[in-house]
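Take a look at the structure below.
Every number here is computed from the coordinates shown, using simple stated rules; none is lab data. This structure is a prediction, so every number in the text was calculated from the model and none was measured. Using ideal geometry, Cβ is built from the backbone for each residue, glycine included, and neighbour counts are taken over all protein chains shown.
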Amino acid sequence: MLGQCTWRVSAIMAMGACLFAFWLSDSPVDGREKGKDAAVLKGKIGAIDTDNRTITLVITAYDRKKQEATETEKVLQVPKDAIIMQDDVPTKLDDVKRGCPTTVKVEKDKAVSIAVDGPTIRGQFKATNPDRNTITVIAGRDMGEKVYHLLKSTKVTNKDGKTSKVQDIQVGAEIVLTLSVAGDSTVIRIQPVVLEKNRRGD
């Protein structure tokens, strides 16, 4: 009887240890609460205060019924350990370009990650020139041919969300080009229209 009781006590203690370990593993390591008070905001950076490490994000909301657009500004603190990406490359707050499409992950009014991209172009793929590192698409209101420059680091994604090559894109396929914040015709990212819709939540 005594041996049976001892076995039960040991089992209960072991179970308690497992539950405690699970509780520890579920607790945040860096002091931030998992998923709580977290949000993703999209807009454009209107101002940057490098001394106080803050950004002013201009968010545009469009009312389809009234066909009106309204802008709101939100000031966010940028911690020193915040992840800042521009053109898919790590950068400093001082070098972030204003007025470009920006996605910010916010936790407790702090911008824990910032991603800045250039404008996007939607069109139909026509051809690529490997010798000149260019891509030709049919785009714009005039649906004319537009030529853009590619980099070795240009990311190409297929409809399954996997890494691909420009040469694998079929003629006539609808694609979205993300250009550099530099304002030139350099392409940073290429992906199918369907993935762009999913990313925006359309």
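The lysine pair tally for the stretch 38-116, using Cα distances under 16 Å and a gap of 8 or more places or different chains, is 14.
With the simple spin-label model, which puts each label point 7 Å out from Cα in the Cβ direction, the R132 to E107 separation comes to 4.7 nm. Projected over every direction and averaged, the convex hull enclosing the alpha-carbon atoms of the stretch 56-157 yields 9.5 nm².
Our coupling estimate for the stretch 53-62, obtained by passing each phi through the Karplus curve with A = 6.51, B = -1.76, C = 1.60 and θ = phi - 60°, is 6, 10, 10, 10, 9, 9, 9, 9, 10, 10 Hz, Gly and Pro reported as x.
In the stretch 115-194, the alpha-carbon atoms span a convex hull of 98 Å³ per residue.
For the listed peptides 179-186, 150-157, a ranking on the average number of other beta carbons within 10 Å per residue, highest first, reads 179-186, 150-157.
For the stretch 64-79, putting each phi into the Karplus relation 6.51 cos²θ - 1.76 cosθ + 1.60 with θ = phi - 60° gives couplings of 5, 5, 7, 6, 10, 10, 10, 10, 10, 10, 10, 8, 10, 7, 10, x Hz, in residue order, rounded to whole numbers and with x for Gly and Pro. Less than 5 angstrom separates the built amide H of S180 from those of T186, I188, all sequence-distant by 5 or more or on a different chain.
Placing unit charges on the Cβ atoms only, positive for Lys and Arg and negative for Asp and Glu, gives the stretch 120-200 a dipole magnitude near 280 debye about its Cα centre.
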